[in-house]
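Colleague: This structure is in structure tokens; I'll ask about it shortly.
The values are calculated or read from the model by the stated rules, or taken from the named source; none is laboratory data. In this text the structure is predicted, and so the values were computed from the model without any measurement. Ideal geometry is used to build each Cβ from the backbone, glycine not excepted, and the neighbour counts take in all protein chains shown. SASA here: full protein model, heavy atoms, side chains in, ligands and nucleic acids out. Shrake-Rupley method; radii C 1.70, N 1.55, O 1.52, S 1.80 Å.
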Amino acid sequence: MVASAATAAFFPVTKASSTKASLVPGGGSDNLDTRGINSSKPTSSGGLKVKANAQATPKINGTSIHYPPSSERLKNSDETSIAPARTFINQLPDWSVLLTAITAMFLAAEKQWTLLDWKPRRSDMLVDPFGLGKIVQDGLVFQQNFSIRSYEIGVDGTTSIESFMNHLQETALNHAKTVGLLGDGFGSTEAMSKRNLIWVVARMQILVNRYPTWGDTVQVDTWVAANGKNGMRRDWLVRDGNSGETLARASSKWVMMNTSTRKLSKMPDDVRVEIEPYFMDCAPIVEEDGRKLPKLDESTSDYVRNGLTPRWNDLDLNQHVNNVKYIGWILEASL
């Protein structure tokens, strides 16, 4: 019994805070010390009086302090909470948002730079997809690459003669543009534009060894030379961009026409001065065929197509039917 009382005095019980342990009935709590042990002297009968409390009431300067219930303390703490003071630090913007925006800008710039610094992954891809070609061989030959597109092939999977001729015409115009000969007209020099003169194709010969297929890269070289007093000759060499195989050769004769009178014109001296520095002294790449085409009429022709009227899409900037369109008309008439 004494051992139990001593244990309760030194080790508080784990029950509710209002639980008391008393071995002597009627024992008060006024004589408890800070450990909850009754310090009164034993009675004359020699009995031991011990009184224990799980939690002693705290005192400050001898005055007992009573805490309010926990629920009331929580309520009061919520009502008396004070917002943090506004300082320079907590008024700064959210730096994470700013860093995210800066990162997005750098990623976008890197993507654009990657596109500008694009390089082909395969050697058979077009090396210069956005270029207009370049001048080679002492500034007299113009060279340009083309990639055969899906809309340039026919039912047999190869490019058509019309697409071939469009490549030839494109290189001719880009040649004049690159060397600075273009005026206001479509392929005309400045002196020609002043006189309302344009170039027209009078004759063309094309020898095709093999037609390229979809996705092939072709390299087209072109140059000009004199042809009589009033004409100019332009030649083309078409090769495979990878193997160097000769795909086609072409030679043409160009003359001048007055757009006002719609008649052929002699080459003025000032025009000759403009274009002669770019003439090459060489033989035609295709030997000229001196044969003349016989005149055809309805009685001697194998195919006849009547009522053919030029459409708006058949005209070019010089407001006349482009030479490539004639090839299309001939092919359609033979079907």
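Colleague: Within the bounds of region 220-242, is there any residue that is touching a Gly at 6+ places or on another chain (Cβ under 6 Å) and more than 15 Å from His167 (Cα to Cα)?
Modeller: No, region 220-242 contains no residue that is touching a Gly at 6+ places or on another chain (Cβ under 6 Å) and more than 15 Å from His167 (Cα to Cα).
Colleague: Counting only residues that are open to solvent by less than 30 Å² (accessible area, probe 1.4 Å), give me the strands (runs of 3 or more DSSP E) lying completely in region 211-321 with at least 1 of them.
Modeller: Numbers: elements: 217-227, 231-240, 246-258, 263-265.
Passing ranges, in order: 217-227, 231-240, 246-258.
Colleague: Oh, and also: Please state which of the following conditions Asp221 fails to meet, knowing it meets all the rest: (1) at pLDDT 95 or above; (2) more than 23 Å from Thr178 (Cβ to Cβ); (3) within 32 Å of the chain's Cα centre (by Cα).
Modeller: (2)
Colleague: A further question follows. Check whether at least one residue in region 166-174 is under 32 Å from the mean Cα position of the chain (by Cα), surrounded by 19 or more Cβ atoms within 10 Å (Cβ to Cβ) and without any contact (Cβ under 8 Å) to a residue 40 or more places away in the chain, and report yes or no.
Modeller: Within region 166-174 (the criterion being under 32 Å from the mean Cα position of the chain (by Cα), surrounded by 19 or more Cβ atoms within 10 Å (Cβ to Cβ) and without any contact (Cβ under 8 Å) to a residue 40 or more places away in the chain), the answer is no, since none of the residues qualifies.
Colleague: Whether any residue in region 226-243 is without any contact (Cβ under 8 Å) to a residue 12 or more places away in the chain and under 30 Å from Ile148 (Cβ atoms) is what I want to check.
Modeller: Within region 226-243 (the criterion being without any contact (Cβ under 8 Å) to a residue 12 or more places away in the chain and under 30 Å from Ile148 (Cβ atoms)), the answer is yes, since at least one residue qualifies.
Colleague: Of everything in region 322-335, what is outside any helix (DSSP H, G or I) and surrounded by 15 or more Cβ atoms within 10 Å (Cβ to Cβ)? Give them in sequence order. Reasoning before the result, please.
Modeller: Within region 322-335, the first condition is being outside any helix (DSSP H, G or I), and the residues that meet it are 322, 334-335.
Passing the criteria: only Asn322.
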